[in-house]
Amino acid sequence: KENFSFSKWILLCFFFIALLIGVRIYYSGSIRFLFLVWNLFLAWCPYLISLCFKKTNFQTPGFRVLLLTGWLIFFPNALYIITDIIHLKDNAPIPLWYDAVLLFTCSFAGLALAFASLANVEFFLQDILRKKFMMPVIIFFLFLGSFGVYLGRFLRWNSWDIIHSPLDIAADIANRFLFPFSHSRTWMVTGMLTCLYTLCWLFIKTVPHPTPGHKKNRLP
């Protein structure tokens, strides 16, 4: 029921984004921001994969490892969209505030899909890990996701490059881990994004929710 409600909400969000892009194309004659549709599709992929973690008919360890690996590969795509804010520029005749709303909505949708998929992974790991290990593992996933965002934004690697150019991407990753002091920007960006995503995750986890059956106190 929760997944169905979230799916309806995210589809409504996609419709709003499509409307914004359509209006922008109509008035500007430019398809400049049409790439956001592809980015949102890639952001939706890890959420779709994470839904399989709740299926009870997939219990083999090998399949679970494969599923978790696939989720980790696509997970940075959902976090990546917030970096599209760099495309915010004054592009007449479209007002700057219009593009700001469009990019913010896409970033919000991407983060929503990222954290919804992460919540499904957390649900899956509850039967495997002790509670005290859960948060460190989540932060580790966010670190890997942040590193993936760096690879995508600055080195222009894509998720499917793991299949197309595995040796090249492995060389770039190994170089940054073996010689960290030579790649200060890599770890500065990765660390900053990890802190940002962790703060967002903690906020979502700790935001107050009304207790079922709770009634508001009425003034006498």
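Here are the numbers for the structure shown:
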{"item": "Elements of type helices (runs of 4 or more DSSP H) in the stretch 126-220, at least 2 residues being modelled with pLDDT of 90 or more and under 22 Å from the mean Cα position of the chain (by Cα)", "result": "131-153, 166-178, 184-206"}
{"item": "Condition met for Met134 (farther than 25 Å from Phe41 by Cβ and loosely packed, with under 14 Cβ neighbours inside 10 Å)", "result": "no"}
{"item": "Among residues of the stretch 22-51, those that are surrounded by 19 or more Cβ atoms within 10 Å (Cβ to Cβ) and aliphatic (A, V, I, L, M), counted", "result": "5"}
{"item": "Cross-chain or 6+ apart pairs with Cβ under 8 Å, the stretch 156-179 first and touching a residue at least 40 places away in the same chain (Cβ under 8 Å), then open to solvent by 50 Å² or more (accessible area, probe 1.4 Å) and among the aromatic types (Phe, Trp, Tyr)", "result": "Ser159/Phe74"}
{"item": "Exclusive hit being open to solvent by 20 Å² or more (accessible area, probe 1.4 Å), β-branched (Val, Ile, Thr) and closer than 18 Å to Ile73 by Cβ, set Ile139, Ile162", "result": "Ile162"}
{"item": "Breaking point among (1) open to solvent by 80 Å² or more (accessible area, probe 1.4 Å); (2) at pLDDT 85 or above, for Phe4", "result": "(2)"}
{"item": "Residues (free of Cβ contacts under 8 Å to residues at least 60 places away in the same chain and under 22 Å from Cys52 (Cα atoms)) located in the stretch 132-141", "result": "Met134, Met135, Val137, Ile139, Phe140"}
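Residue by residue, here is whether (1) of a type in the set (A, V, I, L, M); (2) open to solvent by 30 Å² or more (accessible area, probe 1.4 Å) holds:
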site: Phe75; (1), (2): no, no
site: Phe108; (1), (2): no, yes
site: Leu111; (1), (2): yes, yes
site: Val121; (1), (2): yes, no
site: Phe143; (1), (2): no, yes
site: Ser182; (1), (2): no, yes
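The values are calculated or read from the model by the stated rules, or taken from the named source; none is laboratory data. Everything numeric here is computed off the predicted structure, so don't read it as measured data. Glycine gets a Cβ as well: all are built from the backbone with ideal geometry, and neighbour counts include every protein chain shown. Surface areas here come from the heavy atoms of the whole protein model, side chains and all, with no ligands, DNA or RNA. Shrake-Rupley method; radii C 1.70, N 1.55, O 1.52, S 1.80 Å.
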